[in-house]
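Report on the structure given below.
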Amino acid sequence: DAKESRSQLQLYRPGRDAEHLYRLSLVNDLRRAVPNGELLLYYQPKMQLCSRRVVNVEALLRWRHPQHGIIPPDDFIALAEHSGIIRTLTDWVLHEVIRQCAEWSAAGMDIGIALNLSAMDLGSGELPDLLARHLAHYRIDPSQLVLEVTETAVMRDALYSLEVLNRLKACGVMLAIDDFGTGYSSLSHLKRLPVDELKIDKSFVMGMAEDEDDAVIVRSTIELAHNMGLKVVAEGVETEAAMEMLRSFRCDSAQGYLISRPMAAADATRWLAAATEE
Ligand code: C2E
Ligand code: CA
Ligand code: CA
């Protein structure tokens, strides 16, 4: 009937169709990204505010697509999650981060590295075993690694996630709650998680110097985290004004374009060598 054909028309709108095909082809390409060596990690420094030293970086995934060039994670992580490819990507990231950490350590650079996990990674019991194997093989200090998870990811299957987080934590790594403030956060639940660090989402930090509400949220989040014995990282620090406010709020570390953009490994190595020389 008329109603039905109208909805059919909506389903097969040309624009949508092209978008759908593009996504399908991306999923296929993504399956080959790891074996083809198309993934790479960028590293963004995190500065300790009291000492002004950089002792940590966050690894951020990039995909060098043979036709489309560099694709940012926001354009393929969700696809990878829906198609189940994310586990392969995370395994690659985990291995590469630990290898890079060992390489820096061998060069006399004590740099911790944070990496991002997705919700599906917490639904798999294989990750802690893989982590333990890589740690044993590369012999890095496990406390040099920070695993970042979002509140939303943890909430998806809270009981099972907690079990996986506890097993990861037992390997000696650090755990951070990422994008804090953007998801549905139950503080009583947060209290039960074996986390060491809380990262305040950039949406609060970026407008902080202009927006009184954002400043209040950032300041009280820092207080709350400290009262729970957690370290705090602010992401999205773009201005001196934001940096000064974070200092006055006693925030522990800052990450953002003001300090540095994410850099490819070779550039990050040079940057870090120069920064730790001083
Ligand atoms: P995130 O974990 O919140 O990472 C921070 C994002 O903010 C990064 O974007 C970073 O480049 C960007 N950023 C850093 N400083 C600033 C700043 O001062 N201003 C602004 N406007 N942005 C800043 P990126 O690299 O595009 O990553 C986007 C998201 O993709 C990440 O958000 C993370 O959720 C996800 N992601 C990245 N790498 C991985 C990965 O290896 N695995 C998984 N599962 N997710 C990843
Ligand atoms: Ca992150
Ligand atoms: Ca964020």
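A Förster radius of 35 Å, combined with the Cβ-Cβ distance separating TYR22 from ARG167, puts the computed FRET efficiency at roughly 0.40.
Once you reduce the range 196-257 and the range 45-70 to the center of their Cα atoms, the two points are 19 Å from each other.
Stretching ARG31 away from ALA209 to a fully extended chain increases their span by 59.8 nm, per 0.36 nm per residue minus the current alpha-carbon distance. Computed from the C-beta positions of HIS189 and GLU244, the FRET efficiency with R₀ = 35 Å rounds to 0.60.
Here the gap between ASP74 and ARG261, fully extended at 0.36 nm per residue and compared with their Cα-Cα distance, gives a gain of 65.7 nm.
Could you tally the net charge around HIS65, taking each other residue with its Cβ under 12 Å from the Cβ of HIS65, Lys/Arg +1 and Asp/Glu -1?
Value of the local net charge: 0.
What is the percent carbon and sulfur in the accessible area of the chain, measuring with a 1.4 Å probe over the protein chains and ignoring ligands?
Numbers: 7360 of 14410 Å².
Carbon-and-sulfur percentage of accessible area, whole number: 51.
Annotation note: chymotrypsin sites (Phe, Trp or Tyr not before Pro) in the range 132-215 located in DSSP loop regions with a Cβ neighbour count of at most 12 within 10 Å are TYR184. Karplus-derived 3J(HN,Hα) values for the range 69-82, using 6.51 cos²θ - 1.76 cosθ + 1.60 with θ = phi - 60°, are x, 6, 10, x, x, 4, 8, 9, 5, 4, 4, 5, 5, 5 Hz; glycine and proline are entered as x.
In the chain, a dipole from Cβ-located charges (positive for Lys and Arg, negative for Asp and Glu) runs towards its positive end, and of MET109, TYR138, GLY123 it is TYR138 whose Cα lies farthest in that direction.
With a cut-off of 8 Å between alpha carbons and a minimum separation of six or more residues, what is the relative contact order of the range 114-256 in percent? Relative contact order, the range 114-256: 18 percent.
The values are calculated or read from the model by the stated rules, or taken from the named source; none is laboratory data. Being a predicted model, the structure only gives us computed values, none of them experimental. Glycine also receives a Cβ, built like all others from the backbone with ideal geometry; neighbour counts cover every protein chain displayed. Accessible surface is based on the protein model in full, side chains and every heavy atom, while ligands, DNA and RNA are left aside. Shrake-Rupley method; radii C 1.70, N 1.55, O 1.52, S 1.80 Å.
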